[in-house]
Amino acid sequence: MSKILRQAVVMLLLLTIVTGIAYPLVATGLAQVLFPRAANGSLIEVDGKPRGSELVGQLFTDPRYFWGRPSATAPFANNPAASSGSNQGPTNPALTEAARQRIAALRAADPGNTAPVPVELVTASGSGLDPHISPAAAAYQVARVARARGIDAAEVEKRVAQATEGRQFGVLGEPRVNVLELNLSLDGR
């Protein structure tokens, strides 16, 4: 019996060292050498100061900025520690009410815009942290942003076109616009 117990303790210690210490150190070291920017959070810096990550949505509410997808994270919007969806189904009255409120806020921010509101501006992504919107969602906001900044809508459309990323490897996913990068571009970054 003591032999089996000793073997179990030795295996526990060995596996703890291999999987709890050695593997994380090797994986972190390789990531730092091979992909240092991604390993450190894909941070976007302006004047040497981090302004956010290109991988995590940021909350923008000022009419001068493009707004991203709503976040389902709590207690704070776009909280990476609470990444998850809302788990509200299409028949849930809370989801319907939240979408109504978001549509009302978008309409209030741009009363002259009668175009249909793109769905991703009123529903959270699966992770609740999506940093991208579709080019259609960006186009929906162009007039508001141009008016709030006092610049020509054509200039804002040009920035949207420059910030639009194509499909990954030319075939995967859909074209998308990183909201933080677009807003920083408008700020003159």
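Among the residues of segment 4-61, just one is part of a strand (DSSP E or B) and loosely packed, with under 10 Cβ neighbours inside 10 Å, namely 49. Does at least one position in segment 83-90 carry a residue that is surrounded by fewer than 18 Cβ atoms within 10 Å (Cβ to Cβ), modelled with pLDDT under 90 and within 23 Å of residue 177 (Cβ to Cβ)? Among the residues of segment 83-90, at least one is surrounded by fewer than 18 Cβ atoms within 10 Å (Cβ to Cβ), modelled with pLDDT under 90 and within 23 Å of residue 177 (Cβ to Cβ), which makes the answer yes. Among the residues of segment 1-49, the one identified as in contact (Cβ under 8 Å) with a residue 40 or more places away in the chain and touching a strand residue (DSSP E or B) at 6+ places or on another chain (Cβ under 9 Å) is 44. Mind counting the residues in segment 111-158 that are over 19 Å from the mean Cα position of the chain (by Cα) and either surrounded by fewer than 18 Cβ atoms within 10 Å (Cβ to Cβ) or farther than 16 Å from residue 60 by Cβ (or both)? Qualifying residue count for the region: 19. Residues that are closer than 20 Å to residue 90 by Cα and β-branched (Val, Ile, Thr) do occur in segment 121-132, at least one of them.
Tell me, please, whether a residue that is closer than 18 Å to residue 57 by Cα, touching a helix residue (DSSP H, G or I) at 6+ places or on another chain (Cβ under 8 Å) and exposed (fewer than 15 other Cβ atoms within 10 Å of the Cβ) can be found in segment 160-167. No - not one qualifying residue is present in segment 160-167.
Among the conditions (1) surrounded by fewer than 17 Cβ atoms within 10 Å (Cβ to Cβ); (2) over 19 Å from the mean Cα position of the chain (by Cα); (3) of a type outside the set (Phe, Trp, Tyr); (4) closer than 29 Å to residue 185 by Cβ, the only one that residue 97 does not satisfy is (4).
The values are calculated or read from the model by the stated rules, or taken from the named source; none is laboratory data. On a predicted model such as this, the values are computed, not experimentally measured, just so you know. Reconstructed Cβ throughout: ideal geometry from the backbone, glycine too, with neighbour counts over all protein chains shown.
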